[in-house]
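Shown next, in structure tokens, is the structure this report addresses.
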Amino acid sequence: MNAFNSNQKIVAILPLLAGLGLLGILLFQSGESVLALLTTIDFFWFGIAAIIVLCNLLLRGLKWKIILSHYDFRIAWIKATQVFCVGSMVGFFTPFKVGIFVRALYLAPLQKTKAIATIVIDRLIDIALVALIGTMAISTLVFATPTPNN
């Protein structure tokens, strides 16, 4: 049992190590230019951006938790956010974000079809939201933009 726990810890640390490795490659591949730009960061706006990203991730985890509760699957909000983030990170490295379905692996007690359905529902909600915001933006541009008088 103890070896199993140490394996879980190693697996949990792997994404962090991979991320730090990729960051290191990106920073040192281009030489001093990236590091010089990083020294000019406005930390106030950087902090605001970091808070917004954190809130976004927490809300997306909450959304997925609510979808899971529809299938009578109870999960803590922070755990749902953590699993959501892992799935998203794997999705970034796969074509068409297919990697997000790795979240289904964390839902072992739930039937695979229901686990996958929660992810599909989550993606459909995201697509509908993008379509709604896009429609609102286009409508604003078309109807609120003043036309020149001839």
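The values are calculated or read from the model by the stated rules, or taken from the named source; none is laboratory data. Just so it is clear, the model here is predicted, and its values are computed rather than measured. Here the Cβ is made from the backbone with ideal geometry for all residues, glycine too, and neighbour counts use every protein chain on show. With ligands, DNA and RNA removed, areas are computed over all heavy atoms of the protein, side chains included. Shrake-Rupley method; radii C 1.70, N 1.55, O 1.52, S 1.80 Å.
Observations
- Estimated distance in nm for a label pair at A128 and T94, the labels positioned 7 Å out from Cα along Cα-to-Cβ: 2.4
- Taking 7 Å steps out from each Cα toward its Cβ at L23 and Q111 produces label points 4.2 nm apart.
- Highest-MSF residue in the chain out of I51, I125, I138 [GNM, Cα springs under 10 Å]: I138
- For the chain, the solvent-accessible area with a 1.4 angstrom probe is 76 square angstrom per residue.
- Heavy-atom accessible surface of the stretch 38-139: percent carbon and sulfur, 1.4 Å: 79
- In the context of the full protein assembly, W77 retains an accessible surface of approximately 110 Å², using a probe radius of 1.4 Å and ignoring ligands and nucleic acids.
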